[in-house]
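Peer 1: Structure below; questions to follow.
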Amino acid sequence: MKHVTWEHDNVRQTWQALPVRKPFIYGQTNYIAATLSANVLLAAGAVTAIGAIPSAVEIFASNADAIWINAAAQVTDPPEQLFAAARIARDKNIPWVLDPVAMGAGAETYDNVIRQLLTYRPAVIRGNASELMALAGGAGGTKGVEATLSPAAALAAARDLACRSGAVVAISGPVDHITDGTSVRLVPGGSPMLTRITGAGCSLGALVAALLRVAATPLEAATVAHAAYAIAAERAAERARGPASFTMEFVDALSCLADN
Amino acid sequence: MKHVTWEHDNVRQTWQALPVRKPFIYGQTNYIAATLSANVLLAAGAVTAIGAIPSAVEIFASNADAIWINAAAQVTDPPEQLFAAARIARDKNIPWVLDPVAMGAGAETYDNVIRQLLTYRPAVIRGNASELMALAGGAGGTKGVEATLSPAAALAAARDLACRSGAVVAISGPVDHITDGTSVRLVPGGSPMLTRITGAGCSLGALVAALLRVAATPLEAATVAHAAYAIAAERAAERARGPASFTMEFVDALSCLADN
Amino acid sequence: MKHVTWEHDNVRQTWQALPVRKPFIYGQTNYIAATLSANVLLAAGAVTAIGAIPSAVEIFASNADAIWINAAAQVTDPPEQLFAAARIARDKNIPWVLDPVAMGAGAETYDNVIRQLLTYRPAVIRGNASELMALAGGAGGTKGVEATLSPAAALAAARDLACRSGAVVAISGPVDHITDGTSVRLVPGGSPMLTRITGAGCSLGALVAALLRVAATPLEAATVAHAAYAIAAERAAERARGPASFTMEFVDALSCLADN
């Protein structure tokens, strides 16, 4: 288990490659989270299209450098569109990120869509400990999108999920735990404020997708995205007086990470 | 007629019960208003899912602690989904809030959907004076979402609407008027800035829904939500330089109401 | 070619007519951009409805003072709805704005929808140089929504497009170029920050639509909207520390332009 923070040189170098490469990221998410996700991607130097109309899925998924699919898109778009995007990703070898948000909260039909998405071989799965435990087959016990377990408690299940699925699994929490089944990266820091604003987790999934195009491995992509999130959240929390000013400061902080 | 403000002890106590109870609120609204509504609910200590795909309506409405339906959802979702959510609420005795936004603005088809929603017995109806006059059967005369009448002028119609529908009726304005047909609560304060940002009214409906699970009566739920809105808006207006900074300060202020 | 800035008296006068006239603007756009567009319109003194459900298109397009259609609506709504709104606009002589965002980025089906929209005779077409070159028939070469050409380089194509389509063509850039085919208005200023936030271009299209109802000509409407954008962006950039604080300062600045 290796601790990684923003201070590591290769973390910054990978991050700084984003605005140079300017990857085009196609996303499916709940519209609640769409604007923040787009602004986080722009702040990091990527560009995006978000939305799930059938013709758009075909056009934008096929042309994407990477894709992220947030399970909450099920609340605003038909599940068929999520499968269509995942299928294009798998068939065209476009790396993609699965965010199983609210998995295990008690809605079986909803959870089954996520289980089926998993068969399309995401490169990275990111979520909180409860969601990932539920996806790995354990009893998670989320309420809505809120984690009720620590990342460390979910690590064994996450490693197992990584081995079985071939995906890197990233568990968000006070110390993020990220594993490809063999190696484990621990990313400390961040801010609990991230749990008090809508779209923060979804935007992190989007950012992991963007980094898949500039990092050497999915493990590195997920680690760099989480390390950037952690340092930007810490800087934002110092200036914020509540969740809305935190959101503003956070996007501002992300946008200047590449400069320093 | 009784004046109620944030200074009343039972107002604060009810508000402080929200983050403890953490109710799950399902919402249907126009996507313009969705992100702010979600962030307002999070700031108050509730959690939410918003969206109107058929499978999601079934799953999330059925599992909700309370529901709010904003009529502007008609612009982004098929009216059948609004009826489906209202029907689940009625059949499962899940309390729900109807926001008849833009009622009476001249679109008969749109208004008829709202009239039909009313038959599913909302616990609370909230809107501005013009919208509620139009829903009560009088000539309201809104233009878009803008009120052209004072709450006091709409009070008689609101009481009548409350008696006929069984719902508490809450009229937003310089002094909010809230009635169950018998009692009337007056909530002074707030800020005209709330009328200059998109989603402020919708978010208030969401907040009333959340409070339905911790307040003793729908009248109290609506009163506490309006009192919290008023004090948070006043504090935000002191710091804001325009509508966007007002929005940020308002959510920040809401998020720390429980602390003081 | 005539330079126009916010300092010109008739620019301010036209702008100040907006909150008096309070035009109702119906919009179709990607939901990413919807909240900012609505808040920009509110800040300027207009009101809006955004969304593309069939019944809503009929109701709201028919009753609108002006309409804007952003091509990115294709990612979140069926293309038929875009055509339906454009048809109502043409048939009822409601002036409308076409924003060909991401035109020429490589998605032929997507671009063909924009070409077909053009046949419904928009009053104004606004976009960046690459998008407008692509729409005019030249090789644009956008990547996503990013301009890779200067406005000056696209001016000849824009004039030709204006003559052929009967629309005013507005090219956003360091110096905005706006032409009805004969006259050219140059609007200097603004801030590159506008390219780093999602929805800024879409909101400008919405603002042009609002001004169509108070300006003497579409050329003047587009010019005033761009001049207001430029001065508000400059003022916002002075106070901002990144794209999110820029967005907040920008909407705040727009909201007080009428006062000074």
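The values are calculated or read from the model by the stated rules, or taken from the named source; none is laboratory data. Source: prediction; values computed, not measured. Ideal geometry is used to build each Cβ from the backbone, glycine not excepted, and the neighbour counts take in all protein chains shown. To get the accessible areas, we keep the full protein, side chains included, count just its heavy atoms, and leave off ligands, DNA and RNA. Shrake-Rupley method; radii C 1.70, N 1.55, O 1.52, S 1.80 Å.
Peer 1: Kindly list the number of the only condition in (1) part of a helix (DSSP H, G or I); (2) of a type outside the set (Val, Ile, Thr); (3) open to solvent by less than 10 Å² (accessible area, probe 1.4 Å) that fails for A:ASP160.
Peer 2: (3)
Peer 1: Right, another one. Search the stretch A:8-35 for residues being of a type in the set (Val, Ile, Thr) and not in a helix (DSSP H, G or I), and hand back the single one that is farthest from A:ALA84 (Cα to Cα). Show your work before the answer.
Peer 2: To start, the set of residues in the stretch A:8-35 that are of a type in the set (Val, Ile, Thr) comprises A:11, A:14, A:20, A:25, A:29, A:32, A:35.
Imposing the further condition that a residue be not in a helix (DSSP H, G or I) reduces the set to A:25, A:29.
On the way: A:ILE25: 16, A:THR29: 14 Å.
Restricting to residues being of a type in the set (Val, Ile, Thr) and not in a helix (DSSP H, G or I), the top hit is A:ILE25.
Residue-wise test of (1) closer than 26 Å to A:VAL40 by Cα; (2) at pLDDT below 95.
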residue	(1), (2)
C:LEU149	yes, yes
C:VAL168	no, no
C:ASP176	no, no
C:LEU186	no, no
C:GLY190	yes, no
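Peer 1: Within the stretch A:87-104, can you find the residues that are among the aliphatic types (A, V, I, L, M) and buried (at least 24 other Cβ atoms within 10 Å of the Cβ)? Don't jump to the end; show me each part of the working.
Peer 2: Keep residues of the stretch A:87-104 that are among the aliphatic types (A, V, I, L, M), which gives A:88-89, A:94, A:97-98, A:101-103.
Those that are among the aliphatic types (A, V, I, L, M) and buried (at least 24 other Cβ atoms within 10 Å of the Cβ): A:ALA89, A:VAL97, A:LEU98, A:VAL101, A:ALA102, A:MET103.
Peer 1: OK, next. Tell me whether the stretch A:55-72 contains one or more residues that are crowded, with 24+ Cβ neighbours inside 10 Å, without any contact (Cβ under 8 Å) to a residue 12 or more places away in the chain and in contact with a helix residue (DSSP H, G or I) (Cβ under 7 Å, 6 or more places away or on another chain).
Peer 2: Yes - at least one qualifying residue is present in the stretch A:55-72.
Peer 1: Search the stretch B:103-141 for residues being on the phi > 0 side of the Ramachandran plot and at pLDDT below 95, and hand back the single one that is farthest from the other protein chains (Cβ to nearest Cβ).
Peer 2: Only one residue tops the list, namely B:GLY137.
Peer 1: Residue under question is C:ALA89, and the condition is that it be among the small types (Gly, Ala, Ser), under 30 Å from C:PHE250 (Cβ atoms) and within 14 Å of chain B (Cβ to nearest Cβ); does it hold?
Peer 2: Judged against the criteria, C:ALA89 is not a match.
Peer 1: Then there is this: What are the pairs with Cβ atoms under 7 angstrom where one residue, in the stretch C:24-35, is facing chain A (nearest Cβ under 7 Å) and the other, located anywhere, is aliphatic (A, V, I, L, M) and part of a strand (DSSP E or B)? Sequence gap at least six, or different chains.
Peer 2: From the stretch C:24-35, the pairs are C:ILE32/A:ILE50.
Peer 1: Shifting gears a bit: Can we say B:SER191 is more than 11 Å from every other protein chain (Cβ to nearest Cβ), farther than 30 Å from A:MET248 by Cβ and over 13 Å from the mean Cα position of the chain (by Cα)? Step through it out loud before you land on a result.
Peer 2: Numbers: more than 11 Å from every other protein chain (Cβ to nearest Cβ): yes; farther than 30 Å from A:MET248 by Cβ: no; over 13 Å from the mean Cα position of the chain (by Cα): yes.
Here the answer is no, as B:SER191 does not meet what is asked.
Peer 1: Let me ask something else about it. Can you name the condition, by its number, that C:PRO78 falls short on among (1) away from every other protein chain (no Cβ under 14 Å); (2) in contact (Cβ under 8 Å) with a residue 24 or more places away in the chain?
Peer 2: The one condition C:PRO78 does not meet is (1).
Peer 1: Which number in (1) closer than 19 Å to B:ALA210 by Cα; (2) in contact with a strand residue (DSSP E or B) (Cβ under 8 Å, 6 or more places away or on another chain) marks the one condition that B:HIS3 misses?
Peer 2: Of the numbered conditions (1) closer than 19 Å to B:ALA210 by Cα; (2) in contact with a strand residue (DSSP E or B) (Cβ under 8 Å, 6 or more places away or on another chain), the odd one out for B:HIS3 is (1).
Peer 1: Still on this model: Please work out which one of (1) out of contact with any Asp or Glu (no Cβ under 6 Å at 6 or more places or on another chain); (2) open to solvent by 10 Å² or more (accessible area, probe 1.4 Å) is the condition C:ALA232 fails and give its number.
Peer 2: Against the list (1) out of contact with any Asp or Glu (no Cβ under 6 Å at 6 or more places or on another chain); (2) open to solvent by 10 Å² or more (accessible area, probe 1.4 Å), C:ALA232 comes up short only on (2).
Peer 1: Specify the residue that is surrounded by the most Cβ atoms within 10 Å (Cβ to Cβ); the eligible residues are those in the stretch C:242-256 that are in contact with a helix residue (DSSP H, G or I) (Cβ under 6 Å, 6 or more places away or on another chain) and away from chain A (no Cβ under 14 Å). Break it down stepwise before answering.
Peer 2: So in the stretch C:242-256, the residues in contact with a helix residue (DSSP H, G or I) (Cβ under 6 Å, 6 or more places away or on another chain) come out as C:242-246, C:248-255.
Those still in the list that are away from chain A (no Cβ under 14 Å) too: C:253-255.
Values: C:ALA253: 24, C:LEU254: 29, C:SER255: 26.
For the stretch C:242-256, the residue satisfying everything is C:LEU254.
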